[in-house]
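*Asks:* The structure follows.
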There are 2 protein chains.
Amino acid sequence: MNIQVADRMNHIEGSVIRQFAEAALKPGLISFANGNPSPATYPVEEMKKFFVEALNSDEVNSLLMYGSVQGYPPLVEFLKKRLTKKFGFDFEKNDLYMVSGGTQAVDVTSKIWLEKGDVVITEEPSYASCYNIFRAYEAKLVGVPINETGIDIEATEEALKANPNCKLIYTIPSFQNPTGFSAIDDKRKQLYELACKYDVIILEDDPYAELRFAGEPQNPIKSYDTEGRVFYTSSLSKVIAPSFRLGYLVVDKRFGQYVNVCKQCTDVHSNTLGQYVSWGVMEKTDYEKHIRLAQEEYRRKSSLVIDALKRTIHPSVKLSTPTGGMFIMMFLPESIDAVDFVWKGIDRGVVCVPGSGFALDGHKPTHSVRLCYSTETDENIVKGAEILGKLTCDMIEGRA
Amino acid sequence: MNIQVADRMNHIEGSVIRQFAEAALKPGLISFANGNPSPATYPVEEMKKFFVEALNSDEVNSLLMYGSVQGYPPLVEFLKKRLTKKFGFDFEKNDLYMVSGGTQAVDVTSKIWLEKGDVVITEEPSYASCYNIFRAYEAKLVGVPINETGIDIEATEEALKANPNCKLIYTIPSFQNPTGFSAIDDKRKQLYELACKYDVIILEDDPYAELRFAGEPQNPIKSYDTEGRVFYTSSLSKVIAPSFRLGYLVVDKRFGQYVNVCKQCTDVHSNTLGQYVSWGVMEKTDYEKHIRLAQEEYRRKSSLVIDALKRTIHPSVKLSTPTGGMFIMMFLPESIDAVDFVWKGIDRGVVCVPGSGFALDGHKPTHSVRLCYSTETDENIVKGAEILGKLTCDMIEGRA
């Protein structure tokens, strides 16, 4: 056989994170590696109830048959109402489509917009799996820095000027993966204005939107979207459960036909019983209380990791201060290579992920590490953070 | 906003079937329109049991967390064993990946192989949703005829000669959608030999494989695949339930990495609870009995529709004789336009789908109609078939 795979397959790189995620499987290791939600937040009893309810209901045959491409209608309606109330989204102008996780929202958005050679501007560091999706559509990626107030607006404008074939800006404005940084309102508005000025689409990836536990609420960029150029996606992975593979995409109605046809060409629709159960949890239980408990879970765990790190890190190490979500980033001095730090951490029983796992070029040295504090026990969070804190001192002072 | 969607979006056409599927929603209409499984085959009680079992189990946290890209391991193992036993698949050389329905298998296969301008050879008529998937990758489609013994081998070789940039042959060898035709063993082997001779991939789409109710079992083309060039896909939609959105893709191990990375770039993995429940039904109940009952259901319904048609159709109308699956095709004389026939059928209370719904150019006249006999009651099947039979006489004899 001499037949060659499509060229796009040569652009997709294996995940740098994966090797650390695999290292994290070693028994006894404390893991800050995987970007997973806290299992304590799964509404397991409610799931049981609503799966059985669905299968006992009069509509069981339609719940098991091919379903609506757009999504299970009561869930679609619930989410539209909630997003209107919470963020002021305008569903006269927009529509909402269920997708099979936020990843599929990025795939569908890419399929709609990206041609070979188009430029995607992205925060860097960012969620590297999305880099791969953009690369699968043979886009060229251009990174711009992000700091504690959000994406660097000046650098973004420079990148837009330098790349007139930019089609899309990819941003995670809230509790960003991997930094934990959140964009302030001004930055969100400025980024939207830039998108209008340079006529590009914003793909706003907002999976942690519900997990704010400190600071003032901020509206998504989508809430400023008078021109219909923001594709907004969020996920049920962090509020229901990742294994349901459910998320949603909110787009201006004039693009709805494209989302619809892409979804038909991908998996037709997302699994219906998972949508029914999610709707049950949202509509028929105290969902606000469920969200508050999740926020409290992440607030407590973030405090534990921050307090333990602050007690033990070398004074030259900086930390991000998340106001929501599940990530914190440690910024090591330039003398310390992040990959080296991570392997030494594993030797001492704690695994986290080096910044290279979130860089456009995963082979260049980085000096930051991501800690995800959502899945370990409180005790292990403190213990793991102290081990890493001490490791910063030992490495910086030449003892490791 | 002046920004343009990607050119691929201009190649994807709206479904011709959809308008008839929508017409089928009119209350009181007898529907042979949708290619849906019979709800009588859903294992609803078993589903209830296994959803609850999953959520009560010790592994509940991992069943709700992000799961394996390849699929829930016990289900993957079950399917590998079953395919080895039933069809002689070789899992020393191949591997199996769970996907989110057969549609996603076609999307993933296209993503791996197809470049802009590549040719895909497909049976025509065939499942038009797949035409759209290939078009989304900007492939050029070339149709070859199919008859009661399977794809036309000579026409396929001519198409291969005429299109040296052919990358892929798409075939539904068993109980094809829309014709109900099944390829005999010789054709399967000959098609595989052609694929080897012209160095192309075969995408073997086999969602009805389990639903044979007459004639001798035939092995999938994949079972002859010594060179590893057959991508084999089947679905759980027809044996468990469509709304689970589960299927699988069997590929030579050297292409497994590509399936894996495509799946990561699409929806990461398929919904885990649906996989757990499917595995439960397969491994922990009498699955062979479940399959036999489904086969019997389709056998009975196919007999009902065929007997009623044979009693009533005009002698110049030909019928396919399905030995499995859920489709039968009526071949009208050339004087009758299929779209005209279908609209007249709707006027008389029965909806089916014209051949144009399965043609590469859906706007050209066709003279065949697809009847899907799986979802209506026995009584309605007979009544509906008699109405259509009488309509053939009335139209051919100039009374309608």
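The values are calculated or read from the model by the stated rules, or taken from the named source; none is laboratory data. Here the structure is a predicted model, which is why all the values come from computation and not from measurement. For neighbour counting, all protein chains shown are included, and Cβ atoms are generated from backbone atoms with ideal geometry for every residue, glycine included. The protein model used for the area step is the full one, side chains on, heavy atoms only, and it has no ligands, DNA or RNA in it. Shrake-Rupley method; radii C 1.70, N 1.55, O 1.52, S 1.80 Å.
*Asks:* Just name one of B:Leu293, B:Val259, B:Gly274: the one whose Cα is farthest towards the positive end of the charge dipole of the range B:249-312 (beta-carbon charges, Lys/Arg +1, Asp/Glu -1).
*Replies:* B:Leu293
*Asks:* Accessible surface of B:Glu296 in the full protein assembly, 1.4 angstrom probe, to the nearest 10 Å²?
*Replies:* 80
*Asks:* Taking a label point 7 Å from Cα toward Cβ, how far is A:Gln19 from its twins in the other copies, in nm, shortest first?
*Replies:* Reported distances to equivalent positions: 5.7 nm.
*Asks:* Suppose each label sits 7 Å from its Cα in the direction of the beta carbon; what would the B:Glu283-A:Ser335 distance come out to in nanometres?
*Replies:* The answer from the label model is 5.4 nm.
*Asks:* Right, another one. Please give the per residue accessible area of the range B:260-341, computed with a probe of 1.4 Å over protein heavy atoms only, in Å². Please list the in-between numbers first.
*Replies:* Values: 2940 Å² over 82 residues.
So the range B:260-341 comes to 36 Å² accessible per residue, rounded to a whole number.
*Asks:* Which percent of the accessible heavy-atom area of the range A:270-367 goes to carbon and sulfur, probe 1.4 angstrom?
*Replies:* Details: 2040 of 3810 Å².
Answer for the range A:270-367: carbon and sulfur cover 53 percent of the accessible area.
*Asks:* B:Ile112: net charge of surrounding residues, Cβ under 13 Å, Lys/Arg +1, Asp/Glu -1, itself excluded?
*Replies:* Values: positive: A:Arg8, B:Lys111, B:Lys167, B:Arg229, B:Arg254, B:Lys263; negative: A:Asp7, B:Asp107, B:Glu115, B:Asp118, B:Asp252.
Charge balance near B:Ile112 sits at +1.
*Asks:* For a test of the definition: using alpha carbon positions, the gyration tensor, and the 1.5 limit on a/c, classify the range B:44-105 as rounded, prolate or oblate.
*Replies:* Numbers: a/c = 2.03, a/b = 1.71, b/c = 1.19.
It comes out prolate by the Cα gyration axes.
*Asks:* Answer rounded, prolate or oblate for the range A:327-400, using the Cα gyration tensor with square roots of eigenvalues a ≥ b ≥ c: rounded when a/c is under 1.5, else prolate when a/b is larger than b/c, else oblate. Before the final figure, lay out the partial values.
*Replies:* Values: a/c = 2.11, a/b = 1.22, b/c = 1.73.
Oblate shape, in that a/c is at least 1.5 and b/c is the bigger or equal ratio.
*Asks:* Still on this structure, please answer the following. Please list A:Trp113, B:Trp343 from largest to smallest accessible area, probe radius 1.4 Å, with all protein chains kept in place.
*Replies:* Values: A:Trp113 0, B:Trp343 105 Å².
Final ranking, largest accessible area leading: B:Trp343, A:Trp113.
*Asks:* In a GNM of chain B with a 10 Å cut-off on Cα contacts, which of B:Lys284, B:Lys111, B:Lys81 has the highest mean-square fluctuation?
*Replies:* Highest fluctuation of the listed residues: B:Lys284.
*Asks:* Quantify, in whole percent, the carbon and sulfur part of the accessible surface of the range A:77-190 (1.4 Å probe; protein heavy atoms only).
*Replies:* Numbers: 1780 of 3700 Å².
That fraction is 48 percent.
*Asks:* While we're looking at this one, here's another question. Which of A:Ser31, A:Ser174, A:Ser335 moves most in a GNM of chain A, Cα contacts under 10 Å?
*Replies:* A:Ser335
*Asks:* Can you give the FRET efficiency to the nearest 0.05 for B:Ser62 and B:Lys116, using r as the Cβ-Cβ distance and R₀ = 60 Å? Walk me through the intermediate numbers first.
*Replies:* Working: r = 41 Å, r/R0 = 0.68.
For R0 = 60 Å, the calculated efficiency reads 0.90.
*Asks:* Only counting protein heavy atoms at a 1.4 Å probe, give the residues of the range B:97-120, ordered by number, whose accessible area falls by 10 Å² or more when the other protein chains are present relative to the chain alone.
*Replies:* Residues losing area: B:Ser100, B:Thr103, B:Gln104, B:Asp107, B:Lys111, B:Ile112, B:Trp113, B:Leu114, B:Glu115.
*Asks:* Moving on. Provide the solvent-accessible area of B:Thr285, counting protein heavy atoms only and rolling a 1.4 Å probe, rounded to the nearest 10 Å².
*Replies:* Its heavy atoms expose roughly 40 Å² to the probe.
*Asks:* I would also like to ask the following. Please sort by residue number the GluC sites (Glu not before Pro) in the range A:2-102 whose DSSP state is loop and whose Cβ has at most 13 other Cβ atoms within 10 Å.
*Replies:* On the way: sites: A:Glu13, A:Glu22, A:Glu45, A:Glu46, A:Glu53, A:Glu59, A:Glu77, A:Glu92; in loops: A:Glu13, A:Glu59, A:Glu92.
Of the GluC sites (Glu not before Pro), the ones in loops of the range A:2-102 whose Cβ has at most 13 other Cβ atoms within 10 Å are A:Glu59, A:Glu92.
*Asks:* Could you tell me which residue out of A:Phe87, A:Gln176, A:Ala24 lies farthest along the dipole of chain A toward its positive end? Charges go on the beta carbon: Lys and Arg +1, Asp and Glu -1, centred on the Cα centre.
*Replies:* A:Ala24
*Asks:* Another one. Return the aspartates and glutamates within reach of B:Lys48: Cα separation strictly under 13 angstrom, same-chain partners fewer than 8 residues apart disregarded; answer none if there are no such residues.
*Replies:* Correct list for B:Lys48: A:Glu53.
*Asks:* Can you list which of the GluC sites (Glu not before Pro) found in the range A:319-400 are DSSP loop residues with at most 10 other C-beta atoms within 10 Å? Each step should come with its number before you reach the end.
*Replies:* Numbers: sites: A:Glu334, A:Glu376, A:Glu379, A:Glu386, A:Glu397; in loops: A:Glu334, A:Glu376, A:Glu397.
When the GluC sites (Glu not before Pro) of the range A:319-400 are filtered for loop state and at most 10 Cβ neighbours within 10 Å, A:Glu334, A:Glu397 remain.
*Asks:* Continuing with this model, one more query. Name the shape class, rounded, prolate or oblate, that the alpha-carbon gyration tensor gives for the range B:265-347, where a ≥ b ≥ c are the square roots of its eigenvalues, rounded holds for a/c under 1.5, and otherwise prolate holds if a/b is larger than b/c and oblate otherwise.
*Replies:* Numbers: a/c = 3.93, a/b = 1.90, b/c = 2.07.
The shape class here is oblate.
*Asks:* What number, rounded to the nearest 500 deg cm²/dmol, is the helix-based mean residue ellipticity at 222 nm of the protein assembly as shown, given -39500 (n - 2.57) per DSSP H run of at least four residues and division by all its residues? Write down the numbers at each step before the final one.
*Replies:* On the way: 26 runs with 324 residues, N = 800.
Dividing the helical sum by the residues of the protein assembly as shown leaves -12500 deg cm²/dmol.
*Asks:* Right, next: Provide the FRET efficiency to the nearest 0.05 for the B:Asp186-B:Lys161 pair, computing r from the beta carbons and using R0 = 22 Å. Please report the intermediate quantities before stating the final value.
*Replies:* On the way: r = 21 Å, r/R0 = 0.95.
Plugging the Cβ-Cβ distance into 1/(1 + (r/R0)^6) gives 0.60.
*Asks:* On to the next question. Below 8 Å between Cα atoms, with a sequence gap of 6+, how large is the relative contact order for chain B in percent? Each step should come with its number before you reach the end.
*Replies:* Working: 763 pairs, mean separation 95.4, N = 400.
In percent, rounded to a whole number, it is 24.
*Asks:* Let me ask something else about it. Ordered shortest first, which distances in nm separate the 7 Å Cα→C-beta label point of B:Lys161 from those of the other copies?
*Replies:* Spacings between copies for this position, smallest first, are 6.1 nm.
*Asks:* Would you mind listing the distances between the B:Lys253 label point and the same position in each other copy? Use 7 Å along Cα-to-C-beta, nm, one decimal, shortest first.
*Replies:* 5.5
*Asks:* Moving on to the next point. At a 1.4 Å probe, which residues in the range A:234-274 are at least 40 Å² less accessible with all protein chains present than in their chain isolated?
*Replies:* A:Ser243, A:Arg245, A:Tyr258, A:Val261, A:Gln264, A:Cys265, A:Thr266, A:Asp267, A:Asn271
*Asks:* Based on Cβ point charges of +1 for Lys and Arg and -1 for Asp and Glu, what charge dipole magnitude is obtained for the protein assembly as shown about its Cα centre, in debye rounded to the nearest 20?
*Replies:* Working: 90 positive and 106 negative charges, 133 e Å.
The calculated dipole for the protein assembly as shown is roughly 640 debye.
*Asks:* Something else about it: Quick check for the range B:156-302: number of Lys pairs with alpha-carbon distance under 18 Å, counting only pairs 8 or more apart or on different chains?
*Replies:* 12
*Asks:* Based on the Cβ-Cβ distance of A:Lys86 and A:Ala40, what FRET efficiency does E = 1/(1 + (r/R0)^6) give at R0 = 35 Å, to the nearest 0.05? It would help to have the intermediate numbers written out before the result.
*Replies:* Working: r = 23 Å, r/R0 = 0.67.
Calculated transfer efficiency: 0.90.
*Asks:* State to the nearest 20 debye the size of the charge dipole of the range A:1-117 about its Cα centre, where the only charges are +1 on K and R beta carbons and -1 on D and E beta carbons. Mind dumping the intermediate values first?
*Replies:* Numbers: 13 positive and 14 negative charges, 67 e Å.
Taking the Cα centre of the range A:1-117 as origin, the dipole is about 320 debye.
*Asks:* Under 17 Å from a label point 7 Å along Cα→Cβ of A:Glu53: give me every residue in the range B:261-287 with its amide N that close.
*Replies:* Inside the label zone: nothing.
*Asks:* Quick one: net charge around A:Glu297, please, counting Lys, Arg +1 and Asp, Glu -1 for every other residue with C-beta under 14 Å from its C-beta.
*Replies:* +3
*Asks:* I would also like to ask the following. Relative to the compact-globule scaling 2.2 N^0.38 Å, provide the ratio for the alpha-carbon radius of gyration of the range B:111-237.
*Replies:* Here the answer is 0.97, to two decimals.
*Asks:* Same structure again: Under a point-charge model restricted to the Cβ atoms of Lys and Arg (+1) and Asp and Glu (-1), what is the dipole moment magnitude of chain B relative to its Cα centre, in debye to the nearest 20?
*Replies:* Details: 45 positive and 53 negative charges, 74 e Å.
Computed about the Cα centre, the dipole is about 360 debye.
*Asks:* Note the buried accessible area between B and A here, summed over both chains, with a 1.4 Å probe, in Å² to the nearest 100. All intermediate terms of the calculation are to be shown ahead of the outcome.
*Replies:* Working: alone 17270 and 17270 Å², together 28300 Å².
Buried area (both sides, nearest 100 Å²): 6200 Å².
*Asks:* Still on this structure: Between A:Asp205, A:Asp267, A:Asp152, find the one with the highest GNM mean-square fluctuation for chain A; connect C-alpha pairs within less than 10 Å.
*Replies:* Per the Cα network of chain A with a 10 Å cutoff, A:Asp267 tops the list.
*Asks:* Of the accessible area of the range A:1-53, with the probe set at 1.4 angstrom, what percent is carbon plus sulfur? Let's see the in-between values first.
*Replies:* Details: 1170 of 2500 Å².
Answer for the range A:1-53 is 47 percent, counting heavy atoms of protein chains only.
*Asks:* Under a plain spin-label model, where a point goes 7 Å from the Cα along Cα-to-Cβ, how far apart in nm are B:Thr149 and A:Thr149?
*Replies:* Taking the two extended label points, one gets 7.7 nm.
*Asks:* Using the Cα centre of chain B as origin and beta-carbon charges of +1 (Lys, Arg) and -1 (Asp, Glu), tell me which of B:Ile133, B:Pro217, B:Ser100 is placed farthest towards the positive end of the dipole.
*Replies:* Checking the options against the dipole of chain B, the answer is B:Ser100.
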